[in-house]
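The values are calculated or read from the model by the stated rules, or taken from the named source; none is laboratory data. Only a predicted model underlies this, so the values are computations on that prediction, with no experimental measurement involved. Don't worry about glycine lacking a Cβ; one is built from the backbone with ideal geometry, like all the others, and counts go over all protein chains shown. Just the protein is used for accessible areas: all its heavy atoms, side chains included, with ligands, DNA and RNA removed. Shrake-Rupley method; radii C 1.70, N 1.55, O 1.52, S 1.80 Å.
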Amino acid sequence: MKAIILSGGKGTRLRPLTYTGAKQLVPVANKPILWYGIEAIAATGITDIGIIISPETGAEVKAKTGDGDRFGANITYILQESPAGLAHAVKIARPFLGDSPFVMYLGDNLIQNELGEFLNHFKTEQMDSLILLRPVANPSAFGVAQVDDQGRVVQLVEKPKVPASNLALVGIYFFANTIHASIDRIQPSARGELEITDAIQDLINQQKHIEARQIEGWWLDTGKKDDLLEANQIILDTCLKTEISGELDAKSQTFGRVQIGTGSKLINCTVRGPVVIGNDCHLENCFIGPYSSIADQVTLVDVDLEHSVILKGAQVIGIHQRIVDSVIGQRAHLKTAPQRPKALRFMIGDDSQIELA
């Protein structure tokens, strides 16, 4: 059994952050989104993992993620020259996959359920495909499945105008090698892509064994700022453990579950968890409220922050008003000018420098 993780795409919904980096490397609770998928796959015992990368961000993904040693896996990188669809990604991964059954995982997805139970069901029932579904309020934005009473998939439609159900395809699929012949038979869609929904529909038309299972825990697509902040909140709520490795002066205090990395210094700060603060940070005269993630090498001075994500190397200095619901990119500089607005809300890209007037 092998796995492929899709880590290409342009990340347009997370711009400006993704003008300068891969959307799958944006951190949730100070860990790249992509790594959650790798860990979930490795936890099932699958260690041969191919990561589909794009020319724009592939080098960054490789440099950050490495050869898989940290995950107990062996990672192979597969270049997809252009974003020509999920089925196209499978097609170019065929030399890596060979005749092996495999799981395909979209690298910007997070799910609460462990994959092991789904993998065992797929293997035990010798399916051609097992797809994961979740009821959603806006099915027209997703691939949608129509399922019969026995859990067998009747029809799949990509982003239908009139959905046959509210069951959206979660970005995790299990396939036997029969999917390759179906991909060879399909044609590009109206948007010029080889759609994985069309390939699975071909399996259905060939009367292959296709089933669907609904996930019960949370499912997060981190493609937009608010989704990213929600994912950060949920991960901090469910996974964070208290660990104080940095230095706090006598005037600093923490409440609840707080994690502070090595080399970080807090001076006259209050931190109310759940909060994670990375390594080598400097915080002074700050209040850090719940659901905040602060990456490595961040400097915060005179800042009141809550429900926000601050990326590596950012500096926020002298902001005397509360910052909430914000994502601030790597190495961004944010400071006040003499006159300031009464409310602040940000999504700031990497390497930005901003003065508030």
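Only one entry of Ser100, Ser82 meets the criterion of being among the hydroxyl-bearing types (Ser, Thr, Tyr), surrounded by fewer than 17 Cβ atoms within 10 Å (Cβ to Cβ) and under 27 Å from Asp227 (Cα atoms), and that entry is Ser82. Just one residue in the set Ile204, Ile244 is surrounded by fewer than 17 Cβ atoms within 10 Å (Cβ to Cβ), out of contact with any helix residue (DSSP H, G or I) (no Cβ under 6 Å at 6 or more places or on another chain) and of a type in the set (A, V, I, L, M, F, W, C); that residue is Ile244.
Can you confirm whether Val157 is more than 21 Å from Ala87 (Cβ to Cβ) and modelled with pLDDT under 90? Criteria not met by Val157. Across the range 188-207, the number of residues qualifying as farther than 16 Å from Ala93 by Cβ and either in a helix (DSSP H, G or I) or modelled with pLDDT of 95 or more (or both) comes to 8. Within the range 301-322, track down each residue that is assigned to a strand (DSSP E or B), within 17 Å of Val276 (Cβ to Cβ) and of a type in the set (A, V, I, L, M, F, W, C). Correct list: Leu305, Val309, Ile310, Val316.
Please find, within the range 88-105, the residue that is nearest to Thr178 (Cα to Cα) out of those that are assigned to a helix (DSSP H, G or I) and within 20 Å of the chain's Cα centre (by Cα). Ranking the candidates gives Val90 first. Of the residues in the range 229-245, none is assigned to a loop (DSSP other than H, G, I, E, B), under 16 Å from the mean Cα position of the chain (by Cα), among the polar types (S, T, N, Q) and under 30 Å from Phe346 (Cα atoms).
Of all residues in the range 319-337, those satisfying the criterion of being closer than 11 Å to Leu356 by Cβ and open to solvent by 10 Å² or more (accessible area, probe 1.4 Å) are His320, Gln321, Lys335, Thr336, Ala337. Taken over the range 139-190, the criterion of being touching a strand residue (DSSP E or B) at 6+ places or on another chain (Cβ under 9 Å), of a type in the set (Lys, Arg) and free of Cβ contacts under 8 Å to residues at least 40 places away in the same chain is satisfied by Lys159 alone. Looking for whichever is within 27 Å of Asn285 (Cβ to Cβ), in contact (Cβ under 8 Å) with a residue 12 or more places away in the chain and among the charged types (D, E, K, R) here; the options are Glu195, Glu211, Glu247. Which one fits? Every option except Glu247 fails the conditions. Please go through the range 46-79 and pick out each residue that is open to solvent by 80 Å² or more (accessible area, probe 1.4 Å) and in contact with a Phe, Trp or Tyr (Cβ under 6 Å, 6 or more places away or on another chain). Result: Lys62, single match.
Among the conditions (1) open to solvent by less than 10 Å² (accessible area, probe 1.4 Å); (2) modelled with pLDDT under 85, the only one that Gly151 does not satisfy is (1). The set of residues in the range 253-288 being crowded, with 19+ Cβ neighbours inside 10 Å and part of a loop (DSSP other than H, G, I, E, B) consists of Gly261, Ser264, Cys269, Gly273, Pro274, Gly278, Cys281, Cys286.
Could you check the range 25-45 and list, in sequence order, the residues that are outside any helix (DSSP H, G or I) and buried (at least 18 other Cβ atoms within 10 Å of the Cβ)? Those that are outside any helix (DSSP H, G or I) and buried (at least 18 other Cβ atoms within 10 Å of the Cβ): Val26, Pro27, Val28, Ala29, Asn30, Pro32.
Evaluate the following for Leu344: is it more than 23 Å from the chain's Cα centre (by Cα) and assigned to a strand (DSSP E or B)? No: the conditions fail for Leu344. Scanning the range 109-148 for residues that are of a type in the set (D, E, K, R) and either open to solvent by less than 50 Å² (accessible area, probe 1.4 Å) or assigned to a loop (DSSP other than H, G, I, E, B) (or both) yields Glu114, Glu125, Asp128, Asp148.
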